[in-house]
Amino acid sequence: MRLSQYFVTTRRDLAKQDSINAHLLLKAGYVSQVAAGVFTLMPLGWRVARKIEQIIREEMEAIGASELLMASLQPRAIWEATGRWQDPNLREILYVDETGESCFAPTHEELSAWHLASAVQSWRDLPIALFQFQTKFRREKRARSGLLRGREFLMKDLYSFHIDQKDHDRFYEQVAKAYQKAFKRMGLETVRTKASGGVFSREFSDEFQVICPTGEDEIYYEPKSQTGYNKEVISQVPEPEKQKLERARSIEVGNIFKLGTKFSQPLGLMYANEKGEKHPVVMGSYGIGITRALGAVVEIYNDKDGLNWPATVAPFMAHLIDLTDSKAGEKLEQELTKAGVEVLLDDRPVAAGVKLVDADLFGFPIRLVISPKTMEQKTIEWKERSSGKVELIKYLEIVKRVTDYQRQQKST
């Protein structure tokens, strides 16, 4: 891919933002702000979001979940059936149409249960797990912190359906492990914390929090087990246990809820057991904020020069700069692409200094520079973004070196 043909606009005169992720993503051209809490993912940002999405997709499919895409616009009737249309807490965040008869759903418990009510007949039809990637809309009154708290955002939501609580709890733990694996693949170490069930459940939910000094959540956790409690429920923890916990700021990147029959029963989602007796289906709900996770990665991986993406979610693996008048850069770009490496060739007619500054700002894992001096030596300058280490690699060895590095980084 050539940068001259790829739409990227960096900003040098950006005013101070309210978060690291907002500042760097706007400055590097990964996003463009439309309004408070509303961002367009520009080409570089969209590539990162797709990498995060694919990691999650692979982990969801590994536990047997099927992907679909449900409608965003939903009828008032199904929300009234569960009592959530009347819930003042939920009404505050709903976008309702001008007729008052439908809304842009911020979540899909009702619709998923409604769909399965006509599909599930017997215990043999269960369990079922369905997930989707979708844009969500919420009337967030405190939209701030860039992608961490928005009014429009990308989310993965998963819904599971079971014959009883035992089967649900088994799957619930499968999802928790899949979440931890997915976040680790993104470069995020998470703490599993107990939190309020909110508008979903009276039981504790489980949140997945990333320790970060700029996070807006506050948790109390045990470092060895990487488990803990959100500040909102810490008063319910016995004092002896509370004294063993450490306090930290954090970013919530995912959550899972035990729903019981709260949604299935009022929407007629029932199954017949072996004796033909009807029972309500037990449900679970599981969410990951795609754009929130993107913002969290930026809050963790950055320095004074810009972004510093983990290889698994970086938009490109390599940033190639050719400072010569030869076609060496084009040739190497073709060789790397053929070898399965995502590379962006900076072929813009701008000063070398601009290209080098932008390479650090974009934050791809590897920067490769071809200069008249390296051409004479038949080498290429290699810079690893995470360590800042610079070395000269023989031209004939560069493709293998990059592919080996890519393989190593994506397997750790």
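Only residues that are assigned to a helix (DSSP H, G or I) and over 29 Å from the mean Cα position of the chain (by Cα) were counted in the range 367-407, giving 13.
Let's see how each residue does on (1) in a helix (DSSP H, G or I); (2) more than 16 Å from the chain's Cα centre (by Cα):
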{"residue": "134", "(1), (2)": "no, no"}
{"residue": "140", "(1), (2)": "no, yes"}
{"residue": "147", "(1), (2)": "yes, no"}
{"residue": "158", "(1), (2)": "no, no"}
{"residue": "167", "(1), (2)": "yes, yes"}
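Residue 12 passes every criterion in (1) modelled with pLDDT of 95 or more; (2) among the charged types (D, E, K, R); (3) surrounded by fewer than 16 Cβ atoms within 10 Å (Cβ to Cβ) apart from (1). Summed over the range 195-224, the residues that are modelled with pLDDT of 95 or more and either of a type in the set (Gly, Ala, Ser) or touching a Phe, Trp or Tyr at 6+ places or on another chain (Cβ under 6 Å) (or both) give a count of 2.
Please specify each residue of the range 107-122 satisfying the condition of being surrounded by 18 or more Cβ atoms within 10 Å (Cβ to Cβ) and of a type outside the set (D, E, K, R). Walk me through how you get there before you give the answer.
First, the residues of the range 107-122 that are surrounded by 18 or more Cβ atoms within 10 Å (Cβ to Cβ): 107-116, 120.
107, 108, 111, 112, 113, 114, 115, 116, 120 - these are the residues of the range 107-122 that are surrounded by 18 or more Cβ atoms within 10 Å (Cβ to Cβ) and of a type outside the set (D, E, K, R).
Given the structure, is residue 79 in a helix (DSSP H, G or I), in contact (Cβ under 8 Å) with a residue 60 or more places away in the chain, assigned by TED's automatic domain parsing to the domain that holds residue 145 and farther than 20 Å from residue 292 by Cβ?
no
Does the range 114-128 contain any residue that is free of Cβ contacts under 8 Å to residues at least 60 places away in the same chain and under 18 Å from the mean Cα position of the chain (by Cα)? The answer is no, given that none of the residues of the range 114-128 is free of Cβ contacts under 8 Å to residues at least 60 places away in the same chain and under 18 Å from the mean Cα position of the chain (by Cα). The set of residues in the range 40-70 being among the charged types (D, E, K, R) and either in a strand (DSSP E or B) or touching a Ser or Thr at 6+ places or on another chain (Cβ under 6 Å) (or both) consists of 67 alone.
Inside the range 234-337, counting only strands (runs of 3 or more DSSP E) that do not spill past its ends, which hold 2 or more residues that are out of contact with any His (no Cβ under 8 Å at 6 or more places or on another chain) and surrounded by 18 or more Cβ atoms within 10 Å (Cβ to Cβ)? Reasoning before the result, please.
Numbers: elements: 246-260, 270-272, 278-280, 282-289, 318-322.
By residue number, 246-260, 282-289, 318-322.
Which pairs do you get when a residue that is within 19 Å of residue 404 (Cβ to Cβ), found in the range 331-348, comes within reach of a residue that is in a loop (DSSP other than H, G, I, E, B) and modelled with pLDDT of 95 or more, reach meaning Cβ atoms under 7 angstrom, with the pair 6+ apart or on two chains? Partner pairs satisfying both residue conditions: 341/317; 342/316; 342/317; 343/316; 343/317. Consider the range 55-89 and keep the residues that are touching a helix residue (DSSP H, G or I) at 6+ places or on another chain (Cβ under 8 Å) and farther than 23 Å from residue 130 by Cα. The one that is surrounded by the most Cβ atoms within 10 Å (Cβ to Cβ) is 85.
The residues in the range 27-57 that are within 29 Å of residue 171 (Cβ to Cβ) and without any contact (Cβ under 8 Å) to a residue 60 or more places away in the chain can be counted, and the count is 2.
Against the condition more than 30 Å from residue 212 (Cβ to Cβ) and β-branched (Val, Ile, Thr), how does residue 297 come out, does it pass? Against the criterion (more than 30 Å from residue 212 (Cβ to Cβ) and β-branched (Val, Ile, Thr)), residue 297 does not qualify. I'm checking my understanding of the structure. Among residues of the range 366-412 that are among the hydrophobic types (A, V, I, L, M, F, W, C) and out of contact with any helix residue (DSSP H, G or I) (no Cβ under 9 Å at 6 or more places or on another chain), which one is surrounded by the fewest Cβ atoms within 10 Å (Cβ to Cβ)? So, considering only residues that are among the hydrophobic types (A, V, I, L, M, F, W, C) and out of contact with any helix residue (DSSP H, G or I) (no Cβ under 9 Å at 6 or more places or on another chain), the one surrounded by the fewest Cβ atoms within 10 Å (Cβ to Cβ) is 396.
The values are calculated or read from the model by the stated rules, or taken from the named source; none is laboratory data. What you see is a predicted model; the values in this text were computed from it and never measured. No Cβ is skipped: glycine too gets one built from the backbone with ideal geometry, and neighbour counts run over all protein chains shown.
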